[in-house]
Ligand SMILES: NC(=O)c1ccc[n+]([C@@H]2O[C@H](COP(=O)([O-])OP(=O)(O)OC[C@H]3O[C@@H](n4cnc5c(N)ncnc54)[C@H](OP(=O)(O)O)[C@@H]3O)[C@@H](O)[C@H]2O)c1
């Protein structure tokens, strides 16, 4: 498949590791120029060098906190200064802390609101004017399986990611005539550092080993395994490509069959 992504310019959020890094890598593999970002500059530079060496494309690392509007504006401005345009925006950041309804105070709710929902609102507000001017754009939000089936111990994810889906649906209709598509992807269970942290926490509170906790997750996945980060990234590449020009306002999970709902 010719994705037509050579020399397109992408910003990928939270991309020093995990799913964001896999998305940046898949876009770089297709020849796109990619701005990557995260809070830890050292780790970000390592990722930038790795991708540059592997794919011989331009990678721009920008250290920023995506919960902070000034940082978001700087990220967009540095991409425009460096590459002159923005074609693809992949929204992704760290997950909120786990917990049920009684576990979170106002401060946790506020942080999750800023980090998950306002980040997407603000960066879309900054980037869409460039896409409109170009008459072409792709926005892809990485959310979670929780938008299809709320998880018992992830109330902050359950609430704010559904807000992202609603923003995406609204934008997909408002900017359809500008050739801008807006879609969401939903990871099920991927073997990344975030999952390792969650499994370690579960193991501490249950007294069961890390491996036992991992198997409890795998038991609920019909494919009998966690997903590979490239499996999500390949969907992101497809949605970013010319081939996906008719697909907008959709929400697609990559979960090995885990979500039980029909839609
Ligand atoms: N892995 C899964 O199975 C799974 C399932 C469902 C949903 N998700 C969601 O998908 C997203 C990515 O997951 P992941 O497993 O790849 O997570 P991860 O391994 O924790 O990676 C998160 C990335 O985002 C960066 N980041 C975190 N907070 C940031 C901030 N405020 N500003 C800028 N960058 C930030 C991190 O770097 P720094 O810490 O250096 O900033 C890192 O590069 C998360 O929201 C997660 O909840 C993941």
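The values are calculated or read from the model by the stated rules, or taken from the named source; none is laboratory data. Everything numeric here is computed off the predicted structure, so don't read it as measured data. We place every Cβ from the backbone using ideal geometry, glycine too, and count neighbours over all the protein chains shown.
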Next item on the list: Return yes when residue 138 is more than 16 Å from the ligand (Cβ to nearest atom) and in a loop (DSSP other than H, G, I, E, B) and no when it is not.
Entry: no
Note to self: within 10 Å of the ligand (Cβ to nearest atom) and crowded, with 20+ Cβ neighbours inside 10 Å: is that true of residue 88 in this structure?
What the structure shows: no
Next item on the list: With the condition kept exactly as written, say whether any residue in region 154-169 is more than 25 Å from residue 104 (Cα to Cα) and modelled with pLDDT of 95 or more.
Entry: yes
Notebook entry, point to check: Can you spot a residue in region 157-172 that is in contact with a strand residue (DSSP E or B) (Cβ under 9 Å, 6 or more places away or on another chain) and in a loop (DSSP other than H, G, I, E, B)?
Noted result: no
Next item on the list: Could you check how many residues of region 254-263 are buried (at least 16 other Cβ atoms within 10 Å of the Cβ) and out of contact with any helix residue (DSSP H, G or I) (no Cβ under 6 Å at 6 or more places or on another chain)?
Entry: 2
Check: Looking at region 189-212, which of its residues are within 14 Å of the ligand (Cβ to nearest atom) and either in contact with a strand residue (DSSP E or B) (Cβ under 6 Å, 6 or more places away or on another chain) or over 27 Å from residue 30 (Cα atoms) (or both)?
Finding: 190, 195, 196, 197, 198, 199, 200, 201, 202
Next item on the list: Those residues that are within 13 Å of the ligand (Cβ to nearest atom) and either farther than 26 Å from residue 103 by Cα or buried (at least 22 other Cβ atoms within 10 Å of the Cβ) (or both), I need them from region 156-171; list them, please.
Entry: 156, 157, 160, 161, 164
Next item on the list: Answer with yes or no whether residue 179 is within 15 Å of the ligand (Cβ to nearest atom), surrounded by fewer than 22 Cβ atoms within 10 Å (Cβ to Cβ) and over 17 Å from the mean Cα position of the chain (by Cα).
Entry: no
Next item on the list: Would you mind stating whether residue 251 is within 25 Å of residue 140 (Cα to Cα), within 14 Å of the ligand (Cβ to nearest atom), touching a helix residue (DSSP H, G or I) at 6+ places or on another chain (Cβ under 6 Å) and modelled with pLDDT under 95?
Entry: no
Next item on the list: Can you work out which of the residues in region 92-125 that are within 10 Å of the ligand (Cβ to nearest atom) and in contact (Cβ under 8 Å) with a residue 60 or more places away in the chain is farthest from residue 22 (Cα to Cα)?
Entry: 98
Next item on the list: Return a yes/no flag: does region 224-247 have any residue that is buried (at least 18 other Cβ atoms within 10 Å of the Cβ), assigned to a strand (DSSP E or B) and touching a strand residue (DSSP E or B) at 6+ places or on another chain (Cβ under 7 Å).
Entry: yes
Item checked: Residue among 19, 66 that alone is part of a helix (DSSP H, G or I), assigned by TED's automatic domain parsing to the domain that holds residue 130, surrounded by 23 or more Cβ atoms within 10 Å (Cβ to Cβ) and within 12 Å of the ligand (Cβ to nearest atom) -> 19
Margin query: Going through 80, 72 one at a time, which residue ends up being more than 14 Å from the ligand (Cβ to nearest atom), over 17 Å from residue 182 (Cβ atoms) and touching a helix residue (DSSP H, G or I) at 6+ places or on another chain (Cβ under 9 Å)?
Written below: 80
Notebook entry, point to check: Can you name the residue in region 38-58 that is surrounded by 14 or more Cβ atoms within 10 Å (Cβ to Cβ) and away from the ligand (no atom under 14 Å from the Cβ) and is also nearest to residue 16 (Cα to Cα) among such residues?
Noted result: 52
